[in-house]
Every structure is written in C-alpha cells, then in structure tokens.
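Have a look at the structure below before the remarks.
The values are calculated or read from the model by the stated rules, or taken from the named source; none is laboratory data. Remember, predicted model here, so these are calculated numbers, not experimental data. When we count neighbours, we look across all protein chains shown, and the Cβ atoms used for this are built from the backbone with ideal geometry, even at glycine. Just the protein is used for accessible areas: all its heavy atoms, side chains included, with ligands, DNA and RNA removed. Shrake-Rupley method; radii C 1.70, N 1.55, O 1.52, S 1.80 Å.
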Amino acid sequence: MDTEQGRYEQRLSEALIASLKTTPEEFSVVYQPQYRLETGKIAGLEVLIRWNHPEFGAVSPGDFVPIAEQRGHIHELTEHLVRCILADLPEAPGSLPEGLCLAINISARQITDNRLDSLLDPLFDRIRSLGWRSEIEITETHLMNLSTRCLNRLRRLGEKGVIIAIDDFGKGYSSLAYLHTLPVQVLKIDRQFIRRLGGKSPDSRIVSAILGIAEALDLEVVAEGIENSGQYTKLRELKCHRGQGFFLARPRPWLALNGAFIDASQ
C-alpha cells in the first residue's frame, strides 16, 4: 500500500468512527428486490446500508464495512442499519404483498455479541407483523470458520423462524460434509459466476453444480449480480430459484419501491 492510500484509509477510518458516534443522519438504507426467476414475481428485499459523508461523499460499503469490523464498531453500524429499516417499515402490511423475505447482512463477529438479540428482536417483530420473514446473510468464508458456539446461536435464530443464508457462495472453500451440518437454508451464488453466464465459459456448469448441491441438501439458491437478459435467461433455464441484480431492479429507497412489487417479467 502506498503512503497516500494509507493516509486516505486512515482518514476514512477516523471519519467513519466519528460519523457512527455523532451524525446518524449520514447513514441510510436502500432495498434491492429479489425475484422468483420461474414466475418473475417478487420474493423479497435485501437491505443495503449507505454512508454519505460531507467530505468523502458516497462511500462504498466495500470500503467502510470492513473498517467498522476491524475497528470493533460493526455493532454500531448495524444499529444504524436497524434504525433506518424500522423508520421505513410500516407497522401493518396495508397493501404490501405477504410472504416476502427481508434480508440483512450480519458480520460473523456479531454472532456471539450478547447485544445482538436485543438489537434484532424488534426488527424481527416488525417484519413478522407484515407477514414477512427475516433472513440473515453471512459470507461463506466467515461462516466456515464459525465456532460451535456461533453455530448454535444461528440454530437458535433458525428456531425463531429466521432464515440463514450463505452469502458469496463459491468464493470460499466449502467442505460439502461441513455444509451439510450448517444451519442454513439458502445459498447465494457469488456474482463472479453469474457475470460470464451465457458465453463459452464453464460458469454455467459451475452454477448448475451448485444448484445440484443445493437440491441434494434441500436448500434454496439466489443468484446475485444479474445484469443482462442472457444471464437471466440462462438462470431460468438452470432453474435457479431467486435472483437479484440491476437487470431486474436497482437498489432504491423504501419510498421508491412501489414498482418493485409488480411482476418483473412484465
């Protein structure tokens, strides 16, 4: 890392910690719709956190989330995530469709944090009041290294009706024997395998193999990063269950979501 990049990252780190403590209005969330690929109907929403800083502008989550993890402030970031979602979600379903999943990303470092239940339970209650289900996404590389205590915590969440998903599946080095024992219900295929679908690359065979593994383990599969009609068509041919990406719908604020509840195939 060069000196200039190092200084930038240090300044960004200091700005993030200050913003987490003093300026909650800099944080917001957007929602990316997921669709049933077979029918084109909406299946759920993934919540994505955003940070807009007065000096740095819109900072990528890929930059600031790892800083929050490394500096021990990931709980505070999740607090802002939950606060923003609760400010958006109505207390009653109204005209919203029933049975959707609302997915949030949780750091593996938080799983054994004793504060997690008190933070997430009000959110889970609100989601349940809409007739929806809660989903937690944890990256594959982190999930494979969780302790028995962490895995038991995930099992308890599952007993509460929370869906556990492996994010970025295929990016790490999963043991199939170990995968069979994990308390998960959903695999999210890493976007690197979706990017080249429809060409001559072996990625369609890889995706097909993942779907075969999922079928054997009775897991649902979500493809992320669908950016064109070729990828969408191929994933439907392969009978992938759910999908999300710019081709289907871009992430947007809650108040701009109305169109997302319309059949994506129209």
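Annotations
- Note: relative contact order over the stretch 1-78, using C-alpha pairs below 8 Å and six or more positions apart, is 25 percent.
- Heavy-atom surface of the chain, accessible at 1.4 Å and reported per residue (Å²): 49 Å²
- Solvent-accessible area, 1.4 Å probe, carbon plus sulfur percent, for the stretch 200-262: 53 percent
- On the stretch 5-139, 48 percent of the accessible area sits on carbon and sulfur atoms, based on a 1.4 Å probe.
- Using heavy atoms of the protein chains and a probe of 1.4 Å, the accessible area assigned to I138 is about 0 Å².
- Label-point separation in nm, L119 to T3, each point 7 Å along Cα→Cβ: 3.8 nm
- With a 1.4 Å probe rolled over the protein heavy atoms of all chains, the accessible area of D125, D88 falls in the order D125, D88, largest first.
- Antiparallel %, DSSP beta bridges [both residues in the chain], to 5: 40 percent
- Dipole of the chain, positive direction: furthest Cα of P54, V207, Y35, with charges on the beta-carbon: V207
- Computing Rg and the Kirkwood Rh from the Cα coordinates of the chain gives a ratio, Rg/Rh, of 0.96.
- Once all protein chains are placed together, H180 keeps about 130 Å² accessible to a 1.4 angstrom probe.
- The chain: calculated mean residue ellipticity at 222 nm from DSSP helix runs of at least 4, using -39500 (n - 2.57): -12500 deg cm²/dmol
- The distance separating the Cα centre of the stretch 130-168 from that of the stretch 3-46 comes to 20 Å.
- Net +/- balance of residues flanking G72 in space, Cβ distance below 15 Å, scoring K and R +1, D and E -1: -1
- Highest to lowest packing among 27-35, 46-54, 205-213, scored as the average C-beta count within 10 Å: 27-35, 46-54, 205-213
- Taking T22, T39, T78 as the candidate residues, the one with maximal mean-square fluctuation in a Gaussian network model of the chain, Cα springs under 10 Å, is T22.
- When you count the other C-beta atoms within 10 angstrom of each residue and take the mean per peptide, 5-15, 161-171, 62-72 line up highest first as 161-171, 62-72, 5-15.
- Distant-in-sequence amide contacts of W132, defined by a placed amide H-H separation under 5 Å and a gap of 5 or more residues or a different chain, comprise G99.
- E137, E76, E215, ranked by accessible area, largest first (probe 1.4 Å): E215, E76, E137
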